[in-house]
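The values are calculated or read from the model by the stated rules, or taken from the named source; none is laboratory data. In this text the structure is predicted, and so the values were computed from the model without any measurement. Note that we place each Cβ from the backbone using ideal geometry, even for glycine, and neighbour counts take in every protein chain shown.
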Amino acid sequence: MKNNKMRLFMTGLFLCAAMPVLAQGISADEKKLDKVSFELDKDGVQPEGAKIVTERLQKEFKVDEARVQGLRDQKLGYGEISIVLALAKDMQGGITDANVQKIMVIRQGPPVTGWGNVASQLGVKLGPVTKNVKKISSQARKHEAKNAEKKEKNEKKEKLEKHERNEKMEKIEKMEKPERPDNPGKGK
C-alpha cells in the first residue's frame, strides 16, 4: 500500500515538473487555433448548428458533404475538420484524399502531434489556418443568430395572429342578440 502511494506521489510529482516543459512546446498560434477550434465545435452543437457548420465548411473549402462526414466518422470535431481542410488547402495539390490522409497520419502519430508540429512538417503556417477556422466560426454564429431571429419573429407573429383570432371570436359572441321571450300581453 505504501509503495502504491509512493508511486502515485512520484508520478504526480513528475507530471507537475513536466507540465511547464510540455506547455512550452505549444506556440501562441497553436493556442489561438485550439481556442477558435473549440468555439467552432460549440457552434456545431447548437440547434441546427451541425447543418450550418457543415454548409460553411463546404462553401469555404469547396468540398462535398461526404468529405466532411467522412472526417466526422473519424471522430473529428468541426474545429479539427476545418483545420485539416485548411492545412490541406495550403498543400501542393490542395484538398485531396492523399493530402488529408497525410495530415491525419502526422496528427495521429505515433506519437500524437499538435497542430503546430503538423503545420511545420507540412511547411504550412498556422496564421492563415487560424483565420479560416475563425471565419467559419463567425459565419456560423451569424447564420445561427439570423435563424434564431427569424424563429422569434415567426413565434411573435403566430402569437399575434392567435390573439387577433381570439378577439374576433369574443366580438362575435358579444354581437349575438339574445332571444326575446314571447311577450304575453301583445297580440291577444
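A few comments on the model shown:
- From the options Lys159, Lys134, Lys89, Lys150, residue that is within 25 Å of the chain's Cα centre (by Cα), basic (Lys, Arg) and surrounded by fewer than 17 Cβ atoms within 10 Å (Cβ to Cβ): Lys150
- Residues that are within 29 Å of Lys151 (Cα to Cα), among the aromatic types (Phe, Trp, Tyr) and surrounded by 19 or more Cβ atoms within 10 Å (Cβ to Cβ) do not occur anywhere in segment 36-43.
- Only a single item in (1) modelled with pLDDT under 90; (2) among the β-branched types (Val, Ile, Thr); (3) closer than 29 Å to Lys42 by Cα is not met by Ile103, and it is number (1).
- Taking the numbered list (1) in contact with a Gly (Cβ under 8 Å, 6 or more places away or on another chain); (2) closer than 20 Å to Asp43 by Cβ in turn, Ile83 passes all entries but (1).
- Among the criteria (1) under 23 Å from Ala28 (Cβ atoms); (2) loosely packed, with under 15 Cβ neighbours inside 10 Å; (3) acidic (Asp, Glu), the one Asp73 does not fulfil is (1).
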